[in-house]
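To start, the structure under review is shown below, and the notes come after it.
The values are calculated or read from the model by the stated rules, or taken from the named source; none is laboratory data. Since we're looking at a predicted model, the values are computed, not measured. Here the Cβ positions follow ideal geometry from the backbone for every residue, glycine too, while neighbour counts run over all protein chains shown.
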Amino acid sequence: MKRGVFYLLLVSLVFANSVLNIQQFGSTRVVTHPNYPMPIVISVPSADKNIIAESSITHEWDAPVELHQMANVKIQSISTLIPLAATTSPQIIIAVIDSGLDLNNEQLKPYLFVNSREIPNNGIDDDNNGYIDDVNGCNICSQNGNVTDELGHGTLMASIIAQMSQGHVKILPIKIFDAQGKSSQFLVSCALQYAKQMGASVANCSFGYDSTTEVLRQVVRDVQTQGLVIVASAGNQGQERIVYPAAFPDVIAVASLDGNDHLANFSNYGSFLSVSSIGVGVLGYYPGNQIANASGTSVSAAYISGLLGLISSKQQQQPSRENMKPYIVDIRDPLGTGANLVGWDKYSGDGKLDISEFTQPQNTSFNASLSIGPVLSYPNPIRNYLPAQIGFELNQPSAISIKLFDLAGRLRWSVEINASNTITGYNKISFDGKDNFGNWLENDTYLVLVTADDQRQKVVARHRLTVIR
C-alpha cells in the first residue's frame, strides 16, 4: 500500500474528525492528536521508499511530565539579592525548558536570547519555524512567543543559571508547563528540538517523571548527537528512584547537597546520577520583582547549567560533560556517616564543581611597588560559631577590599577598609563567619581575595579559609 494511502487509513481510524499535527524528530515522523496533554503518538520511520510496512509503525500514549515540587520556597525582599553580573561576549545559549520567564525583570533582560529573524508582535511566523513572534523564546503549548511565567519556577531557574554563569550565557526560555504545572513528554520533545534549532548548547530540564516514551528517548538521543547538552534534576522524593529525562544516557543528572556537602533529605539518588550541587536555601529571582529562597534538585540542576556555561565560555569551547571533569571535587562522605566513598557513588555522583579559579583579580599591577604580604586567618578552619581574624602585611597604608567567595564563584561576604584605617605592617580584621545577609556560612572551603589599592596601583593576595562546625 502506498505511504500516503496508508497514512490516511491509519489516522482516520484513530483520529476521526480531528486536526492532526505531523512533525519530524530525527529519523522519525510523529503524528499527534491535538488534545493536550495526553495525545497518542504514532511514529512512522522516515524512508525514501514509497511503501512502509505496517510493522514499522508504532504508537504509544504520551506520558505526563511534572515540575519537581520545590522542597521549600520563601519569598523575600528584592533588595537582598546581589545584582547579576553584566553579560559578556561570546555567550553560550542555555535553553530553560520550564514554566516560562518574567521578561520584565530588569536584572534578567541583559541575559535574554533574541531571535533576530523574528519581527516582534506582528502575528507572523517570520522565520518559518512553526512559532509566531518567538523573539525571546517560545511557548510550545500555544505555538507562539508568549513565555509569561505563571508559576515562577522558570524565572527562578533562569536567574540561578544567569547568576552562576557570571555573565557568560544567554537564556532561551521555552515554556512547556501551563498554569497548573502540567506538561507532557511530547512537548518536552518539541522543546528540545526547538532549543537545538535556535542554537542552544545546553538545555536545563528541572522536571521529570518515572516513566518515558520512545519518542522522547529518540529525540534526546538525536539532539545529543547534534551537540546539545541536557542537564536534568534527579527529583525531590528523597528516594533511590529513576526519573526521566535525568536517567537517559549521557544526560547530566544532578542531585542536591545541603550546606555540609551531604545529600539533601529530599533529593533522589541512584545509578543514573552524574554530579551534585548545593540545593538548599538558594536565592533567585521570582516574577513580580521578588526573590525566592528555594530548595530542590531543580535548583541544583540550574546551578550546574550555569557553571557549565561559565566553564565552557572560559575554555572557549562548546559545553560538554568533558568540560566539567577538571573541576569536579569528590565528595567522600555524602551521607554524613563517616564513610570514605572514593570516586563515583550513587548519592553524589562524581562530586561537586569547584570553579573558584575563575574568580580572578582585575586590574592588578604585577610590578607594583605596593605590596601585600601573605593572608592568614585564625582559627582556620572556623569552628563552633566563633569569630575569626583575617590578617595581612602592608608595606604602606592603602585602601583594602576583602571578598570571600564560595567554590562556585559566588560572592558571600565582603568588607571595605579606608586607607586611613590601615598601617604599614600587620593589619587584621574580625570576621564573624556570616555572609552578607547575616546567615552562617555553610561547612565548606572558601576563597578570600584581599585587594590593596593606593589609587595608583592594585595588588591582590589570595587565601583559602575553611568552615567546619
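A compact table of results
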{"quantity": "Single condition Glu150 does not satisfy, out of (1) within 16 Å of Tyr285 (Cβ to Cβ); (2) over 19 Å from the mean Cα position of the chain (by Cα); (3) at pLDDT below 90", "calculated": "(3)"}
{"quantity": "Test: Ser271 is outside any strand (DSSP E or B), in contact (Cβ under 8 Å) with a residue 60 or more places away in the chain and closer than 18 Å to Asp350 by Cβ", "calculated": "yes"}
{"quantity": "Selected residue (criterion: surrounded by the fewest Cβ atoms within 10 Å (Cβ to Cβ)) from residues of the stretch 318-358 that are of a type in the set (S, T, N, Q) and over 18 Å from the mean Cα position of the chain (by Cα)", "calculated": "Asn340"}
{"quantity": "Selection status of Ile328, under 21 Å from Ala158 (Cβ atoms) and touching a residue at least 12 places away in the same chain (Cβ under 8 Å)", "calculated": "no"}
{"quantity": "Pair list, Cβ under 9 Å, 6 or more apart: the stretch 278-300 residue closer than 16 Å to Leu441 by Cα, other residue crowded, with 23+ Cβ neighbours inside 10 Å and among the charged types (D, E, K, R)", "calculated": "Ile278/Lys352"}
{"quantity": "Pairs with Cβ under 6 Å, 6+ apart, first in the stretch 249-266 and farther than 10 Å from Val280 by Cβ and touching a residue at least 12 places away in the same chain (Cβ under 8 Å), second of a type in the set (Phe, Trp, Tyr) and surrounded by 24 or more Cβ atoms within 10 Å (Cβ to Cβ)", "calculated": "Ala255/Tyr269"}
{"quantity": "Number of positions in the stretch 170-207 that are within 21 Å of Val282 (Cβ to Cβ) and either more than 11 Å from the chain's Cα centre (by Cα) or modelled with pLDDT under 95 (or both)", "calculated": "4"}
{"quantity": "Residue list for the stretch 195-222, filter: surrounded by 24 or more Cβ atoms within 10 Å (Cβ to Cβ) and part of a helix (DSSP H, G or I)", "calculated": "Ala195, Val215, Leu216, Val219, Val220"}
{"quantity": "All positions within the stretch 279-291 that are farther than 12 Å from Met157 by Cβ and either of a type in the set (S, T, N, Q) or not in a loop (DSSP other than H, G, I, E, B) (or both)", "calculated": "Leu283, Asn289, Gln290, Ile291"}
{"quantity": "Residues of the stretch 401-421 that turn out to be out of contact with any Ser or Thr (no Cβ under 6 Å at 6 or more places or on another chain) and farther than 23 Å from Ile355 by Cβ, as a count", "calculated": "5"}
{"quantity": "Residue match in the stretch 292-315 (condition: surrounded by 24 or more Cβ atoms within 10 Å (Cβ to Cβ), in a loop (DSSP other than H, G, I, E, B), at pLDDT 90 or above and at positive phi)", "calculated": "yes"}
